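Everything on this sheet refers to the single structure shown next.
Derivation of every value follows stated rules applied to the coordinates shown; laboratory data play no part. Quick caveat: nothing in here was measured; it's all calculated off a predicted structure. Here Cβ is always computed from backbone atoms with ideal geometry, including for glycine, and neighbour counts include all displayed protein chains.
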Amino acid sequence: MNSFYPFIIDCANYKINYYKGTLLREVELKMNFPVIKKASYILVNTPDMVIHNGTTQTLEKQTNPESEYLKAIKSHLRSFEEVVAYAPNQTYIGNITPEELGEMPRPWVGKNIENADRFGKYGEIMPQDEFYGLMKISDVFDLVLLEESFVETVKEKLAKHPLLKEKAEKIAGDEMAKIEELVNNAGAEGLYIDGKLVGCVRRAHEFDPNLSAHYMLENLAVKSSGVLAGMHLVDDLDIPVEEIGYIIECSEEAIGDMNQRGGGNIAKAIGEVVGLSGATGSDMRGFCAGPTHALINAASLVKSGIFKNVLVIAGGATAKLGMNGKDHIKKELPVLEDCLGGFAILVSENDGVSPILRTDIIGRHTIGHGASPQAVLEALVLDPLTAAGLKVTDVDKYAPEMQTPDITEPAGAGDVPTQNYKMIGALAVKKGQLDRKELPGFIKAHGYQGYAPTQGHIPSGVPIVGHGIDHIKDGVLNNFMIIGKGSLFLGRMTNLFDGVSILVEKNTGKLDNESGVSKEEVKSMVADAMKDFASFLMNSDK
């Protein structure tokens, strides 16, 4: 009889699969995809950090301390009001749309938006002094010291902040003499306002270079800017924050000590301050492609049912502040890389309303792909669309590297988003999906002007998500594609390129429990199958 068990089990399963087959076909074709529920975006204006913490400036101090560049940089820093009124920054936080930005004549620098608000639909632009206070709030090892009178001023400001007022009272000050001693004689990194010392970040270990004050400041900055993005995301969220089960942090910093330089975990460190008590998490790295990798992994975790809600989050990089400052000053421009960036995106189970992440339409640049720009975009755009029976022109908007061209053009890198759109359009022409004469129109129709700071991972695809959610819900767009690309050679471990992409589209409003098989149906099918199974056994005995 034992030899018949596999056959018997197949018979029992056959009845279930027979009845389920027809119902599941549609579900397989139009699965219950995860959704992007909400996105938040923040900027932190840090002019003194540009001078003291951006690697272009710190390297210049080491190699050419008397350079004309270092003498000129302070006079080329924008005021907080100018930063807030800068059109791309207003687009990033949601006060104006990418379409509105695209209608404004370029360059945008020097053409301030009237009555610009530091708070936007998706987040805010925070001034440097408040950010130092947030760094102190986010510090759990007493590494951040702020001068007493400065603390009183910052506490008064943060007490009026809509999201941080309850945390402001926790900020305590220290004597200036202690701060000066740490900066002058104990390796601490100074914190400055208009060139005046107001605090410091001290080292976390006397000998471990990975816990030096330099790295502690970098890590506290990425953590604190991530916290700010997270606070904006959970504000007025329509699900309890305790239901966020997993956090993926996808910046470019490495957290650890001498025994594990990049051990982590910024994700849980951010979640602790934001108040995500029900979440675990981990850090994911992929240079500029990191956020798109993180979104795909978040979608996979939700689609599999392991977690109902996954938060993708990242803070900013102090190292990239003023990265192209020399070129900006040569052209008599202000130093435009004067902000840390941050974002948070919540991926959740299908709610029937929010845009869906098409986990079946994913582009990937594999190890076997070539590194030419054409090969990369074929892998990330053309191949996944072709496999899904779609044309390049079927995607309403593409979001590749969304750097602000005001920043990149003076540095000789050109208009990066437009370069990507031209190559994508050229692929469509090559495949006969677009007439060559239509290529200029394709760029405007299927692309956006860049409006994100050059913070590596920050402009890589994800800036579109906030506006994309709204545009899809409002009927302006049907879909958009997030494209993340990364230069792996920077780590000196491989010359390979990297990239992934995913399509986001309008939610049909049909969930599995509407178009699929209910629990009751499955129970009925199992009961029928078991009856057949029992009958089979009885007939076999006979």
Cβ-placed point charges (K, R +1; D, E -1), dipole of the chain about Cα centre in debye, nearest 20:
1640 debye
Mind pulling the angle between the C-alpha long axis of helix 5-29 and the longest principal axis of the chain? Nearest 10 degrees, somewhere in 0 to 90.
60 degrees
Assuming a strict under-17 Å limit between Cα atoms, what lysine pair count do you get for region 355-514 once near-sequence pairs (fewer than 8 apart, same chain) are dropped?
15
So for the chain, averaging the separation of alpha carbon pairs under 8 Å that are six or more residues apart and normalising by length, what relative contact order in percent results?
19 percent
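List the trypsin sites (Lys or Arg not before Pro) within region 246-319 that fall in a DSSP loop (any state other than H, G, I, E or B) and whose Cβ has at most 16 other Cβ atoms within 10 Å. Don't skip to the answer; put the middle values down first.
Working: sites: Arg261, Lys268, Arg285, Lys303, Lys308; in loops: Arg261, Arg285, Lys308.
Qualifying residues, ordered by number: Arg261, Lys308.
Order these by the 10 Å Cβ neighbour count, fewest first: Tyr41, Tyr69.
Details: Tyr41 30, Tyr69 16.
Going from sparsest to densest Cβ surroundings: Tyr69, Tyr41.
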Farthest toward positive dipole pole in the chain [+1 Lys/Arg, -1 Asp/Glu at C-beta], among Leu477, Gly315, Val154:
Leu477
What are the trypsin sites (Lys or Arg not before Pro) within region 321-422 that DSSP puts in a loop, where the Cβ has at most 12 other Cβ atoms within 10 Å?
Lys331
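List the GluC sites (Glu not before Pro) within region 58-117 that DSSP assigns to loop and that have no more than 10 neighbouring Cβ atoms inside 10 Å. Working shown, then result.
Details: sites: Glu60, Glu66, Glu68, Glu81, Glu82, Glu99, Glu100, Glu103, Glu114; in loops: Glu66, Glu103, Glu114.
Here the sparse-neighbourhood loop sites are Glu66, Glu103, Glu114.
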Based on alpha-carbon centroids, what's the gap between region 259-289 and region 129-155 in Å, whole number please?
22 Å
Once the chain is represented by equal point scatterers at the alpha-carbon sites, with solvent omitted, what log10 I(q)/I(0) does the Debye formula produce at q = 0.13 Å⁻¹?
-1.30
Could you list log10 I(q)/I(0) for region 355-514 at q = 0.08, 0.10, 0.13, 0.20 Å⁻¹, which the Debye formula gives when each Cα is one point scatterer?
-0.23, -0.36, -0.62, -1.41
Using r as the Cβ-Cβ distance of Asn259 and Ser282, and R0 as 25 Å, what FRET efficiency do you calculate, to the nearest 0.05?
0.85
Rounded to one decimal in nm, the spacing of the 7 Å Cα→Cβ label points at Leu439 and Lys157 is 4.9 nm
If Glu438, Glu152 are placed from fewest to most neighbouring beta carbons inside 10 Å, the sequence is Glu152, Glu438
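To make sure I understand, if each residue's beta carbon is the centre and we count other beta carbons within 10 Å, what order do Thr280, Thr318 fall in, fewest to most?
Details: Thr280 13, Thr318 28.
So the ranking, lowest neighbour count to highest, is Thr280, Thr318.
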Within straight-line cross-link reach of Lys196, lysines at Cα separation under 21 Å, skipping those fewer than 8 residues along the same chain:
Lys61, Lys71, Lys74, Lys136, Lys155, Lys157, Lys178
